[in-house]
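Some notes on the structure that comes next.
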Ligand code: EZ4
Ligand code: CO
């Protein structure tokens with residue numbers, strides 16, 4: 001079998017997605033997500049100009065060799081653009097291998113380790129009263145885990161508090177929206193929110209919170225300590241993670257579990273975090289961390305150090321990524337949680353898929369391969385629309401982390 005074609009599909013059914021579709025001489029095709037929020041066309045161009053020409057004529061069965069060829073062959077290693085492009089190729093090749101074998105991809109990864117994939121939903125609201133109603137809605141839908149983000153009094157906009165209830169979408173404008181941040185107000189407010197949520201919903205519901213890289217280690221340590229009575233499942237991205245040893249200070253001060261990694265693209269980004277047991281959940285995912293092949297390498301290292309998976313699954317990761325993530329999630333020994341933000345009906349139509357949600361769990365497709373596709377004709381009806389993620393400033397105008 002040989003690869004005869006590879007097409008890069010850019011589409012905007014409500015938000016932008018980049019998808020690679022690999023075609024073989026035997027008519028078997030595979031898909032991979034290549035979406036990098038706010039930088040979509042950089043990956044599309046990397047694929048079209050530098051990767052697709054190398055794929056034509058290759059044996060699609062050689063997944064590991066193709067991964068190494070694209071990683072080492074670029075000379076310029078790592079980085080989100082390169083690794084998202086490699087991820088798309090890798091994911092599509094796993095899809096093809098599953099279809100050729102007549103098996104869902106999770107069977108090729110060792111088979112099921114669990115009945116289903118526990119996911120968390122997103123309760124976002126401006127006020128505490130509203131967010132309690134949102135948490136209740138997710139609990140009613142059967143969710144066993146909920147991430148809680150709430151507006152901070154005195155701040156016009158807060159990360160994770162969307163304009164639309166069900167479809168939170170931060171990439172909202174061609175030129176980044178500017179938001180304003182105040183750490184003192186935030187640190188003062190958040191513990192009181194979780195006190196309310198925990199007392200209302202009891203001990204069983206898993207609660208999570210995303211700091212979105214906005215604190216320093218000592219501030220994060222203070223927040224982690226303040227949240228201990230409310231037994232969070234994780235505190236996410238407490239600080240920017242370029243400095244991996246920065247997490248040691250947080251660790252020394254709090255038993256609140258720490259999750260990080262949605263912006264990581266290789267195992268090297270979390271090597272120290274994992275091997276020094278500075279985190280509890282690693283949030284790397286298929287599309288941004290080099291595909292199924294490399295993600296499994298990260299999770300295997302994590303498993304040695306009691307670190308569990310907690311893959312990113314926001315709406316900018318397409319149903320193709322979610323389909324692939326579920327095959328990994330259901331098969332690995334150290335699965336923790338999977339983020340799940342519902343896509344809009346338009347997106348679901350462009351990416352027909354057969355994974356399904358029931359009782360707080362997602363179930364991977366039982367079809368051969370990944371069980372997801374891209375409808376290229378429908379995709380063409382939704383042209384690309386430039387959309388960037390926001391930026392964030394302190395009240396004195398200083399650039400801060402978003
Ligand atoms: O801001 O996916 O945990 N989820 C998140 C997301 C990210 C976006 C970035 O593209 O932090 O909402
Ligand atoms: Co996050």
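Brief remarks follow.
- Region 154-252 gives an Rg/Rh value of 0.98, both radii derived from C-alpha positions and Rh following Kirkwood.
- Over the chain, dividing the summed -39,500 (n - 2.57) contributions of all DSSP H runs of at least 4 residues by the number of residues returns a 222 nm mean residue ellipticity of -10000 deg cm²/dmol.
- Shape of region 213-333, Cα gyration tensor, a/c cut at 1.5: prolate
- Förster radius 25 Å - calculated FRET efficiency between residue 75 and residue 7 (Cβ-Cβ, nearest 0.05): 0.45
- Calculated diffusion of region 3-104, Stokes-Einstein form, Kirkwood radius summed over Cα pairs, 25 °C and 0.890 mPa s, µm²/s: 181 µm²/s
- The stretch between residue 363 and residue 314, if pulled fully straight at 0.36 nm per residue, gains 15.9 nm over its current Cα-Cα span.
- Relative contact order (%) - the chain, alpha-carbon pairs under 8 angstrom, separation at least six: 23 percent
- Nearest-0.05 FRET efficiency for residue 253 and residue 300, computed from C-beta distance (R0 25 Å): 0.25
- Helix 63-73 axis, angle to the chain major axis (alpha carbon atoms, nearest 10°): 80 degrees
- Packing-based order for 23-35, 129-141, 195-207, using average beta carbon neighbours within 10 Å, highest first: 23-35, 129-141, 195-207
- Whole-Å distance, taken between Cα centres, linking region 334-370 and region 191-208: 27 Å
- Net lengthening on full extension, residue 172/residue 272 (0.36 nm per residue, minus Cα-Cα): 32.5 nm
- Among 273-281, 110-118, 248-256, 72-80, the peptide with the highest mean count of other Cβ atoms within 10 Å heads the list, and the full ranking is 273-281, 248-256, 110-118, 72-80.
- Antiparallel bridges, percent of DSSP beta bridges restricted to region 243-367 (to nearest 5): 40 percent
- Ratio Rg/Rh [Cα only; Rh per Kirkwood] for region 91-197: 1.15
- log10 of Debye I(q)/I(0), alpha-carbon scatterers only, for the chain at 0.09, 0.12, 0.14 Å⁻¹: -0.51, -0.93, -1.27
- Of interest is the spacing of the C-alpha centroids, which for region 263-327 and region 4-22 amounts to 23 Å.
- Using a simple spin-label model with pseudo-atoms 7 Å out from Cα toward Cβ, residue 394 and residue 349 lie 4.8 nm apart.
- Fraction of antiparallel bridges per DSSP, the chain only, in percent to nearest 5: 45 percent
- R0 of 35 Å, Cβ-Cβ distance residue 183-residue 137: FRET efficiency to nearest 0.05: 0.75
- Under 19 Å from the residue 112 label point (7 Å along Cα→beta-carbon), backbone N, region 321-340: 323-338
Each reported figure results from applying straightforward, stated rules to the coordinates on display, with no laboratory input. Here the structure is a predicted model, which is why all the values come from computation and not from measurement. Note: ideal-geometry Cβ built from the backbone for every residue, glycine included; neighbour counts use all protein chains shown.
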